[in-house]
Amino acid sequence: MNVSVLAGLAVYAGILLLLDRKARSTKLLDYLLAGRNLTLLPFVATLVATWYGGVLGVGEFSYRYGLANWVVFGVPYYLAALLFAFGLASRARRAAVLSIPEQLRAAYGPATATMGAFLVLLMATPAAYVLMLGQLVEVYLGIPRPWGVALTTAVTVASVVLGGFRTVVRANLFQFALMYLAFLIILPVAVFRLGGFASLWALLPETHKTWTGGLSLQAIAVWYVIALQTLVEPTFYQRCYAAATPHVARNGVLISVAFWVVFDFLTTFSGLAARVLVPNLTDPGLAYPALGNLLLPPWLNAVFAVGLFATVSSTAHSYLFLAAATVGHDLLPSPWKTQERPFIAASLALTGLVAAVLALTLGSVVLIWHDVGSIVTSSLLLPLVLAHAPRRLWFSPRAALVAVLGSALLATSWLWAREGGVYPLELEPVFPALLWSLAVWVADRLLPKLGFGLICLGRRRQS
């Protein structure tokens with residue numbers, strides 16, 4: 001067990017618990033959205049920290065494929081975030097709703113809203129992130145992974161239960177500073193050890209110096225579709241709903257993109273340095289911990305380790321609270337609404353338990369990301385984006401439900417039909433599911449004009 005890391009993590013956990021006590025909240029709007037008063041700095045900090053929880057996956061990809069990490073996990077998400085900023089951020093804030101299901105309810109009615117709530121819950125359950133926290137505990141402290149997952153999940157639940165979203169924002173501010181500090185420590189030390197960036201570049205395998213990393217163009221292109229998940233990402237909407245003004249929402253997303261570019265530079269080149277300095281790792285997913293253990297003295301390695309924990313736990317915090325809020329606010333039966341605030345708090349424990357069980361059952365961060373992202377993105381993308389468009393472009397209520405439910409079932413069936421990593425027709429599930437949603441929308445627009453009423457019996461008159 002690394003005593004220095006243990007001490008650092010104890011201090012880190014103590015600060016998180018203290019932040020929660022200081023942010024104690026009793027009003028529902030304050031608990032769910034920090035009173036809709038997020039100014040630019042906390043908005044940027046909470047969004048940047050939340051959207052980068054997969055840092056171990058970034059280290060693995062950089063270690064394996066070099067600069068392709070930026071092309072695969074950077075550029076497509078920058079583009080999607082820019083689309084969100086210019087097309088949806090201000091609109092989401094002006095909608096004055098509390099959640100994605102509320103937005104769907106306003107456009108398409110309660111049935112689609114309930115289906116949307118279950119999909120948001122599926123995406124927000126932080127199984128991938130508590131799994132990564134368990135991996136980090138196992139690496140640094142020698143605690144078996146199941147116990148590490150249980151311990152970190154319990155701390156995460158305890159550190160957000162009193163203050164709700166206000167606690168999440170305060171914790172994210174702290175975690176934002178730690179995640180940048182960690183890589184501002186490790187990268188200069190690694191580059192100095194190698195004799196400069198020129199030496200690092202010269203020692204890399206040739207494939208790591210190319211933008212494709214030896215991957216096929218199709219393998220890269222699919223991530224530009226998967227990145228559209230950003231347009232239905234509930235943590236983006238939650239922060240926009242909480243922004244003080246529509247301008248804060250839009251500008252906050254734009255500034256966040258700049259911070260992600262900087263952080264991607266730090267993490268990508270740290271992964272490249274690990275490839276040179278620790279060339280024979282059996283598990284490249286642990287490239288960053290291996291680099292820290294190799295280069296840093298114990299106390300500085302403890303700071304780096306806490307930074308890694310903060311990068312992952314910032315996302316776990318955000319998703320855990322979002323999932324609990326979805327259960328308590330969007331799925332709670334109407335007769336119980338008077339107990340909504342306590343029920344959300346109680347749901348944190350249930351959501352944490354489900355996340356821990358899923359993490360230990362599935363065992364693969366990439367698998368969780370891929371499968372959940374495929375189902376939720378294909379189901380919600382078109383209905384949710386159009387819900388922020390002029391009313392004449394909306395689905396009809398029945399068509400919206402057909403599109404969401406049909407896409408979810410199709411994507412799930414496609415995933416179940418996977419054999420040896422190969423999908424039916426060699427198509428990723430997101431493509432046929434998105435095609436279904438688009439086909440329903442087109443039919444919903446055309447059938448009434450052709451005199452049919454198959455799926456559009458519930459069409460409301462468009463203004």
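Bear in mind that the values in this text are calculations on the coordinates, not laboratory data. On a predicted model such as this, the values are computed, not experimentally measured, just so you know. Here Cβ is always computed from backbone atoms with ideal geometry, including for glycine, and neighbour counts include all displayed protein chains.
What the table shows:
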{"item": "Sites Trp416 and Leu360 - FRET efficiency at Förster radius 35 Å, r taken between beta-carbons, to 0.05", "result": "0.95"}
{"item": "Segment 372-391 versus segment 90-162: alpha-carbon centroid distance in Å", "result": "18 Å"}
{"item": "Packing-based ranking, highest mean first, of 324-330, 371-377 given that Cβ atoms within 10 Å are counted", "result": "324-330, 371-377"}
{"item": "Dimensionless Rg/Rh of segment 89-200 - Kirkwood Rh, Rg from C-alpha atoms", "result": "1.13"}
{"item": "Value of Rg/Rh across the chain [Cα atoms, Kirkwood radius]", "result": "0.98"}
{"item": "Cβ-derived FRET efficiency at R0 22 Å, Val11 paired with Leu184, nearest 0.05", "result": "0.70"}
{"item": "Mean-position separation - Cα centroids, segment 187-249 and segment 261-308, in angstrom", "result": "16 Å"}
{"item": "Segment 249-265 residues near the modelled Arg36 label - backbone nitrogen below 16 Å, point 7 Å along Cα→Cβ", "result": "249-250"}
